[in-house]
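Quick notes on the structure that follows.
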Amino acid sequence: MTFGQPTYFKEMNMKKKFLVGLATGLLVFGLIGMANATVLTFEDTVYATSGSGPYDLSFDEDYGGLDWSNYFGIFHAPEMGNYGYQNGTVSGDYALFNVYGTNVSVSSNNQFDWNGAWFGSVRNNSSSRVAVQGYRDNVRIYEDTISLDWGDPQWFEANWSDIDEVRFIGSWNSDYTRFAMDNFTFNEAAPVPEPATMILFGTGLLGLAAFTRRKNKK
């Protein structure tokens, strides 16, 4: 009996580690969805695929599963002339702009995490900037200012969690708050497991543990 103890305890430890690893993996799988970032490049909008002319003031209201407010326009950079528009794209030839530099917003019925986006000025003004705010249930949670560079788009790192609206605070017909925006990047909220799913998950873990105990007693 004495000689069998080291092997016995080694097997017990291996089984415990296996159970802990399995339980942890299942728990992570059950409680946390894979947070895959969505990057909206604006290369597949209605205007980009079938429109004509250098720009369209009627941007898709539900593009990318989000709700885009009025006064968001979309442009085709190669046709926009000698303004900052042609410098406002970082992927492809299409990007958004706030018409006349006014207020615009993007929102969702569900909370999301906003990673950030690329921004540039469409007017050659060194002091161009726009205020940006993040809301949850109509309560302002985040606030910052985006500096706008006419010659080179800049990445704005937001990392705002659990919001349902982003507002860009401009000024009507102002050259200082006109921006181009590309590659809007966000994470959709992970789904919360249903109670029945969690009960089934817990029952399965208890059954697995009971089976292992019975096997160890043999």
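The values are calculated or read from the model by the stated rules, or taken from the named source; none is laboratory data. Not measured: the values here are computed from a predicted model. A quick note on method: Cβ atoms are made from the backbone with ideal geometry, for glycine too, and the neighbour counts reach across all protein chains shown.
Points to keep in mind about this one:
- Verdict on VAL106 being β-branched (Val, Ile, Thr), surrounded by fewer than 17 Cβ atoms within 10 Å (Cβ to Cβ) and closer than 22 Å to PHE186 by Cβ: no
- When we screen ASN173, ASN159, ASN183, ASN138 for residues that are polar (S, T, N, Q), out of contact with any strand residue (DSSP E or B) (no Cβ under 9 Å at 6 or more places or on another chain) and on the phi > 0 side of the Ramachandran plot, the only hit is ASN173.
- Odd one out for SER127, checked against (1) touching a helix residue (DSSP H, G or I) at 6+ places or on another chain (Cβ under 7 Å); (2) among the polar types (S, T, N, Q); (3) surrounded by 14 or more Cβ atoms within 10 Å (Cβ to Cβ): (3)
- Failed item in (1) within 14 Å of MET181 (Cα to Cα); (2) touching a residue at least 40 places away in the same chain (Cβ under 8 Å); (3) out of contact with any helix residue (DSSP H, G or I) (no Cβ under 7 Å at 6 or more places or on another chain); (4) aliphatic (A, V, I, L, M), with LEU40 passing the rest: (3)
Rundown of residues vs (1) under 16 Å from the mean Cα position of the chain (by Cα); (2) in a strand (DSSP E or B); (3) modelled with pLDDT of 95 or more; (4) surrounded by fewer than 16 Cβ atoms within 10 Å (Cβ to Cβ), yes/no style:
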site	(1), (2), (3), (4)
GLY116	yes, yes, yes, no
ALA131	no, yes, yes, yes
GLU143	no, yes, yes, yes
GLY151	no, no, no, yes
ALA158	yes, yes, yes, no
ALA210	no, no, no, yes
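- Consider the stretch 83-100 and keep the residues that are in a helix (DSSP H, G or I) and touching a residue at least 12 places away in the same chain (Cβ under 8 Å). The one that is surrounded by the fewest Cβ atoms within 10 Å (Cβ to Cβ) is TYR100.
- Residue pairs whose Cβ atoms lie under 8 Å apart, separated by 6 or more positions or on different chains, with the first residue in the stretch 101-113 and closer than 20 Å to ARG178 by Cα and the second of a type in the set (Val, Ile, Thr) and not in a strand (DSSP E or B), are GLY101/THR177; THR102/THR177.
- GLY53 vs. criteria at pLDDT below 95 and touching a helix residue (DSSP H, G or I) at 6+ places or on another chain (Cβ under 8 Å): yes
- Count - residues of the stretch 178-197 that are modelled with pLDDT under 90 and either surrounded by 13 or more Cβ atoms within 10 Å (Cβ to Cβ) or of a type in the set (Gly, Ala, Ser) (or both): 5
- Only one of the numbered conditions (1) under 28 Å from ASP44 (Cβ atoms); (2) modelled with pLDDT under 95 is not met by ASP175, and that is (1).
- Yes/no for GLY53 being outside any loop (DSSP other than H, G, I, E, B) and either crowded, with 17+ Cβ neighbours inside 10 Å or free of Cβ contacts under 8 Å to residues at least 60 places away in the same chain (or both): no
- Any chance ARG123 is of a type outside the set (A, V, I, L, M) and touching a strand residue (DSSP E or B) at 6+ places or on another chain (Cβ under 7 Å): no
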